[in-house]
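Okay, structure first, notes after.
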Amino acid sequence: MENNYEAIFTHVLPAIESKRNEFVVYQYNTVTEKDIWKFCVTKKWRKKDIASLPLYQIINDILTISPAEFMTFEQIENQRTSNWFSEINQDELQLLLNPGFEEK
């Protein structure tokens with residue numbers, strides 16, 4: 001988190017904790033307050049200046065996050081950051097992408 005976002009995060013933490021507790025009710029036990037904040041910063045407020053948003057809008061945005069919306073975001077982020085081919089070597093990758101390729 002950037003320094004200017006930390007003060008806002010601390011200020012709206014009760015709303016974030018409330019949303020996290022709601023997720024726990026829906027059996028999403030691994031969601032943290034920082035995950036919810038990251039979702040808001042990178043998805044909800046992606047093209048907005050967070051420091052200029054009114055407090056009521058920030059809290060409303062946090063409290064109206066649906067579990068489905070959040071989990072979709074998490075799945076997409078996990079797919080973007082995973083390296084699917086990290087456990088195979090270059091020869092195996094070549095064989096996978098070019099089945100006609102034969103090793104010498």
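Residues that are in a loop (DSSP other than H, G, I, E, B) and either among the hydrophobic types (A, V, I, L, M, F, W, C) or under 15 Å from the mean Cα position of the chain (by Cα) (or both) within segment 30-56 comprise T30, V31, T32, W45, R46, L53, listed in sequence order.
With out of contact with any helix residue (DSSP H, G or I) (no Cβ under 6 Å at 6 or more places or on another chain), open to solvent by 80 Å² or more (accessible area, probe 1.4 Å) and modelled with pLDDT of 75 or more as the only criterion, which of K104, K38 stands out?
K38
Please verify whether T30 is open to solvent by 90 Å² or more (accessible area, probe 1.4 Å), within 24 Å of S18 (Cα to Cα) and at pLDDT below 95, treating the condition exactly as stated. Here the answer is yes, as T30 does meet what is asked.
For segment 69-83, the criterion of being within 15 Å of the chain's Cα centre (by Cα), hydroxyl-bearing (S, T, Y) and more than 30 Å from L97 (Cβ to Cβ) is met by no residue.
On the stretch given as segment 9-27, residues that are farther than 16 Å from I65 by Cβ and surrounded by 12 or more Cβ atoms within 10 Å (Cβ to Cβ) total 1. Y5 fulfils the conditions (1) in contact (Cβ under 8 Å) with a residue 24 or more places away in the chain; (2) assigned to a helix (DSSP H, G or I); (3) open to solvent by 70 Å² or more (accessible area, probe 1.4 Å); (4) not hydrophobic (A, V, I, L, M, F, W, C) except for a single criterion, (3).
The values are calculated or read from the model by the stated rules, or taken from the named source; none is laboratory data. Source: prediction; values computed, not measured. Please note: Cβ atoms are built from the backbone with ideal geometry, for glycine as well, and neighbour counts cover all protein chains shown. Please note that ligands, DNA and RNA were not included when accessible areas were found on the heavy atoms of the full protein model with its side chains. Shrake-Rupley method; radii C 1.70, N 1.55, O 1.52, S 1.80 Å.
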